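Report on the structure given below.
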Amino acid sequence: MPDIPFSIDLAFPTCIPHKYDRHLERRLSSMEGMFLDTQAFKELQSKGDSLMYEVYEIHRPEIPGELLSGISIVHPGKVGNEFFMTKGHFHSVLETAEIYYCLKGEGVMIMENPEGDTSIEPLVPGKILYVPPRWAHRSVCTGRQNDLVTFFIYPGNAGHDYGTIIKRGFRKLIVDSTDGYKSIDNPNWKTG
Ligand code: PAN
Ligand code: ZN
């Protein structure tokens, strides 16, 4: 059957799509080793397996020419001084970009490329963020009470490389500060 155009409504105020193909839930336990303060991680884990973020995927074939999209919701919270965040990844096909559109909440996107450049861009409602090819990306919710909600869209053939980030981490971390948040160098960042 040939493809036909379709549209999807978002439920307000949650921004959850009325129709989606997959709902992913990422909890604290799936993010072991990703936060700097391992003691705080253990303490939080002893209180339960907090829900950190959720993704509602609108699936399409994972081939060039297609676009994959969905809604990402990062919940508010901290592990030690570090805000809740996504795992973050490079695209397996490094030369593929992504666009994020912020619908709700406050946060930042931490980005870096294999050449060692880093970038931290604020996410506030109405902001369109372009993640160029080659840049790993991780969204962080810096709001104290509200979810960070973004719409994302990327090429069908991009794929996800989580392994590089699991091994090395990101060069920059986002931590709490009197000004809202600040970025610091990750003392555990590994080369190679
Ligand atoms: C997004 C992310 C989503 C969840 O769809 O996959 O925000 O983050 P992690 O994949 O890092 O867990 C995207 O960037 N896709 O390419
Ligand atoms: Zn991506």
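Each reported figure results from applying straightforward, stated rules to the coordinates on display, with no laboratory input. Small disclaimer: the values here were computed from a predicted structure and weren't measured. When we count neighbours, we look across all protein chains shown, and the Cβ atoms used for this are built from the backbone with ideal geometry, even at glycine.
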Whole-number D in µm² s⁻¹ for the stretch 1-84, Kirkwood Cα-pair radius fed into Stokes-Einstein, 10 °C, 1.306 mPa s: 105
Prolate/oblate/rounded call for the stretch 126-175, Cα gyration tensor, a/c under 1.5 rounded: oblate
Cβ-based exposure ranking for HIS59, HIS137, in which fewest neighbours within 10 Å come first: HIS59, HIS137
Average Cα contact separation per residue, the chain, under 8 Å, 6 or more apart, as relative contact order %: 22
Table column - 3J(HN,Hα) (Hz), the stretch 68-82, Karplus curve with 6.51, -1.76, 1.60, x for Gly and Pro: 9, 9, x, 10, 10, 10, 9, 7, x, x, 9, 10, x, 9, 9
Sequence of ILE16, ILE128 once ranked by neighbouring C-beta atoms within 10 Å, starting from the fewest: ILE128, ILE16
Straight-distance crosslink candidates among lysines, where the alpha carbon sits under 22 Å from LYS47 and sequence neighbours closer than 8 are dropped: LYS78, LYS87
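If you take the alpha carbon radius of gyration of the stretch 67-131 and divide it by 2.2 N^0.38 Å, what ratio comes out, to two decimals?
1.19
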Charged-residue dipole, Cβ positions (Lys, Arg, Asp, Glu), the chain about Cα centre, Debye nearest 20: 360
Long-range amide H partners of ASN186 with built H, under 5 Å: LYS172, LEU173
Fewest-first ranking of CYS141, CYS102, CYS15, using other Cβ atoms within 10 Å as the exposure measure: CYS15, CYS102, CYS141
Scattering curve values for the chain, log₁₀ I(q)/I(0), Debye with Cα scatterers, q = 0.08, 0.10 Å⁻¹: -0.25, -0.40
